[in-house]
Amino acid sequence: MQSYTIGQAARLLGVSPDTARRWADAGRVTTHRDEAGRRLIDGRDLAAFSVELARSGTGDEDAPYTSVRNAFPGIVTAIKLGDVAAQVEIQAGPHRLVSLLTREAVEELGLEVGMEATARVKSTNVHIDRV
């Protein structure tokens, strides 16, 4: 499972590293240390926390979250696979994006909950890039 540093988590949540560090210090999101002593957040824990944060509306209201060329970097929070089609949800800061794509595309990208991904929006279509 992929893990994220405090800085990476902050970028995915659309907040400052100081805010993400305070949340970790307060126990709002669980961290563990790697061999180098850096604090890391498990991808599944970060995915769950990002959904909770978006629902509660308690993000860093002063930190703007912008999309450059309609790209929304975030974390995969849910995947629903059907026989042919699939639904992928990404939490990008305060934005929840849902993409309908083929099951084959999800499998080829190797998408999993807790993984970093970028949603690209063009008109009414959302395309997913694995990061």
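Inter-label distance, residue 118 to residue 87: 2.6 nm, where each label sits 7 Å from its Cα along the C-beta direction. Pairs of Cα atoms in the chain fall into 10 Å distance bins, from 0 up to the last occupied one, in shares of 13, 44, 31, 11, 1 percent. What relative contact order, as a whole-number percentage, does the chain give when Cα pairs under 8 Å and 6 or more residues apart are counted? Computed over the chain, the figure is 23 percent. Surface composition of the chain: carbon plus sulfur atoms hold 48% of the accessible area, using a 1.4 angstrom probe and ignoring ligands, DNA and RNA. Spacing of the modelled spin labels on residue 55 and residue 129, each 7 Å from Cα toward Cβ, amounts to 3.1 nm.
Modelled spin labels at residue 5 and residue 109, positioned 7 Å past Cα toward Cβ, are 2.5 nm from each other.
Remark: the chain carries 57 Å² of accessible area per residue (probe radius 1.4 Å; ligands, DNA and RNA excluded). For 35, 52, 104, 89, the ranking by accessible surface with the largest value first comes to 35, 104, 52, 89, using a 1.4 Å probe.
Sorting the segments 44-50, 23-29 by their residues' average number of neighbouring beta-carbon atoms within 10 angstrom, most packed first, yields 44-50, 23-29.
The values are calculated or read from the model by the stated rules, or taken from the named source; none is laboratory data. What you see is a predicted model; the values in this text were computed from it and never measured. Reconstructed Cβ throughout: ideal geometry from the backbone, glycine too, with neighbour counts over all protein chains shown. For the accessible areas, the whole protein counts, side chains as well, though only heavy atoms, and no ligand, DNA or RNA atoms are used. Shrake-Rupley method; radii C 1.70, N 1.55, O 1.52, S 1.80 Å.
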